[in-house]
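Asker: Below is the structure I would like to discuss, written out as C-alpha cells.
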Amino acid sequence: MAGELLLRQGHQVTLHARNDRRAEELHRKLPNASDVVIGDVSTIAAMRAVADQVNKIGQHEAVIHNVAIGYREPSRIETKDGLSLLFAINTLAPYMLTALITRPERLIYLSSGLHRGGDANMFDLQWTKRRWNGNQAYSDSKLHDALIAFGVARRWPNVFSNALEPGWVATKMGGAGAPDDLTKGAVTQAWLAVSDEPAAKVTGEYFFHQKPKPASASALSTDLQDHLLEHCRQLTGIAIAADTLAGQKPTARDGR
C-alpha cells in the first residue's frame, strides 16, 4: 500500500519480493513500479544479494524497512547461519540492508507498539537458552528495529532515520479482527519517505499516524543501541560506521 501510494504521487518505486512468484504478483498489482528486487532475507547471503540488486539500480532517496515475520511463529526455526529465523528477518536484515545499500537521504523502520514489551536485557537474542515465545520474540525484534533506527540517527546525522508503528491492523500478520486503520500505517511510511513538511524532515523520532509518539525508554537507550549494533556487526562482519556519534537521543533538525 505504501508503494502504491508513492507511485500515485509520481515517485519511482523499487519493491522487494521474497521469491519469483511474489515478484510476479507485485508486477501484476503495481505494473508501474520501477523495479522489483528479489530475495529471501532469512540468510546473510540473501541480504547481501538484495542489497547488491538495489545498488545496481542506483541510489535511492529513501528506504522503508518493512520486512518481517509475525508473532504467531509456533517454534524457533534456525537459519542456515545458525540464527533464529525471526531475528534474522526482523532484526538482522534491516541492519544489513542499512549497512550495505548506498546511503539514502531517509530511512524508515517499521516497529510496533509491542516494542514496549521487548526484552531490554539483550539476553539470548537467538533464543537458544529460553523457551520459545513467539509473541516475546516478535516484541523483542520490534524493539530492535527502533534501536537500529535511533542508533543510525546518531551515527549518520545527515540522514533522516526514524521509526514508526503502523498500528494493530488487519494484515495477514495482524489478523482480521485488528482494530486500527490499515491505510494510515501506509500513509505514514510514504510521508516520512518523501514529504517536505518540516514535521517529516526530522531524525531519531518515533511516529504513529504521522504524529510523534514517545518510544519506550529502552528504545532511547544509547547503550542498548550500541549493544545491538555491535552484536549485529559481530554476526555479519559488517559495521554501520559512524560519521559522528552523539551521546544523546537526536533532536529534530531543519530540513535541507
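Asker: Could you look through the stretch 1-11, keep only residues that are in contact (Cβ under 8 Å) with a residue 12 or more places away in the chain and over 20 Å from the mean Cα position of the chain (by Cα), and pick out the one that is least open to solvent (accessible area, probe 1.4 Å)?
Answerer: If we take residues in the stretch 1-11 being in contact (Cβ under 8 Å) with a residue 12 or more places away in the chain and over 20 Å from the mean Cα position of the chain (by Cα), then Leu7 is least open to solvent (accessible area, probe 1.4 Å).
Asker: Next question, about the same structure. Would you call Pro179 touching a Gly at 6+ places or on another chain (Cβ under 9 Å), at pLDDT below 95, crowded, with 24+ Cβ neighbours inside 10 Å and under 22 Å from Ala2 (Cβ atoms)?
Answerer: no
Asker: For the stretch 102-112, check the following and say yes or no: at least one residue is in contact with a strand residue (DSSP E or B) (Cβ under 6 Å, 6 or more places away or on another chain) and among the hydrophobic types (A, V, I, L, M, F, W, C). Even if it seems obvious, please write down each step before you answer.
Answerer: Taking the stretch 102-112 first, the residues in contact with a strand residue (DSSP E or B) (Cβ under 6 Å, 6 or more places away or on another chain) are 104, 106-109, 111.
If we keep only those that are among the hydrophobic types (A, V, I, L, M, F, W, C) as well, we get 107-108.
Yes, the stretch 102-112 contains a residue that is in contact with a strand residue (DSSP E or B) (Cβ under 6 Å, 6 or more places away or on another chain) and among the hydrophobic types (A, V, I, L, M, F, W, C).
Asker: For the stretch 78-110, what are the residues that are under 19 Å from Val37 (Cα atoms), part of a helix (DSSP H, G or I) and out of contact with any His (no Cβ under 6 Å at 6 or more places or on another chain)?
Answerer: Ala88, Ile89, Asn90, Leu92, Ala93, Tyr95, Met96, Leu97, Thr98, Ala99, Leu100
Asker: Based on what the data block shows, is Leu224 part of a helix (DSSP H, G or I), in contact with a Leu (Cβ under 7 Å, 6 or more places away or on another chain) and modelled with pLDDT of 95 or more? Spell out the reasoning first.
Answerer: On the way: part of a helix (DSSP H, G or I): yes; in contact with a Leu (Cβ under 7 Å, 6 or more places away or on another chain): yes; modelled with pLDDT of 95 or more: yes.
So Leu224 fits the description; yes.
Asker: Could you grab me the full set of residues in the stretch 39-76 that are among the acidic types (Asp, Glu) and either in contact with a His (Cβ under 8 Å, 6 or more places away or on another chain) or over 19 Å from Asp145 (Cα atoms) (or both)? Quick ask: steps written out before the conclusion?
Answerer: In the first step, residues of the stretch 39-76 are kept if they are among the acidic types (Asp, Glu); the result is 40, 52, 61, 73.
Across the stretch 39-76, the qualifying residues are Asp52, Glu61.
Residue-by-condition table, conditions (1) within 17 Å of Leu15 (Cα to Cα); (2) surrounded by fewer than 24 Cβ atoms within 10 Å (Cβ to Cβ):
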| position | (1), (2) |
| --- | --- |
| Ser84 | no, no |
| Ala93 | yes, no |
| Thr102 | yes, yes |
| His115 | no, no |
| Asp124 | no, yes |
| Lys129 | no, yes |
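Asker: Next question, about the same structure. Looking only at the stretch 12-51, filter to residues that are open to solvent by 20 Å² or more (accessible area, probe 1.4 Å) and touching a residue at least 40 places away in the same chain (Cβ under 8 Å); which one of those is farthest from Thr102 (Cα to Cα)?
Answerer: Thr43
Asker: Being exposed (fewer than 13 other Cβ atoms within 10 Å of the Cβ) and of a type in the set (D, E, K, R) is the filter here; which residues of the stretch 57-82 pass it?
Answerer: Glu61, Arg72, Lys80
Asker: Within the stretch 112-127, track down each residue that is touching a residue at least 40 places away in the same chain (Cβ under 8 Å) and farther than 19 Å from His231 by Cα. Reasoning before the result, please.
Answerer: Kept after step one, since they are touching a residue at least 40 places away in the same chain (Cβ under 8 Å), are these residues of the stretch 112-127: 112-116, 118, 120, 122, 125-127.
Within the stretch 112-127, Ser112, Gly113, Leu114, Arg116 meet the criteria.
Asker: Taking the stretch 143-162, which residues are more than 14 Å from Tyr95 (Cβ to Cβ) and either under 12 Å from the mean Cα position of the chain (by Cα) or without any contact (Cβ under 8 Å) to a residue 24 or more places away in the chain (or both)?
Answerer: Passing the criteria: only Asn162.
Asker: Residue by residue through the stretch 184-221, note down the ones that are open to solvent by less than 30 Å² (accessible area, probe 1.4 Å) and not small (Gly, Ala, Ser).
Answerer: Scanning the stretch 184-221 gives Thr188, Gln189, Trp191, Leu192, Lys201, Val202, Thr203, Tyr206, Phe207.
The values are calculated or read from the model by the stated rules, or taken from the named source; none is laboratory data. A quick note: this is a predicted structure, and the numbers were derived from the prediction, not measured. When we count neighbours, we look across all protein chains shown, and the Cβ atoms used for this are built from the backbone with ideal geometry, even at glycine. Accessible surface areas use protein heavy atoms only, side chains included; no ligands, DNA or RNA. Shrake-Rupley method; radii C 1.70, N 1.55, O 1.52, S 1.80 Å.
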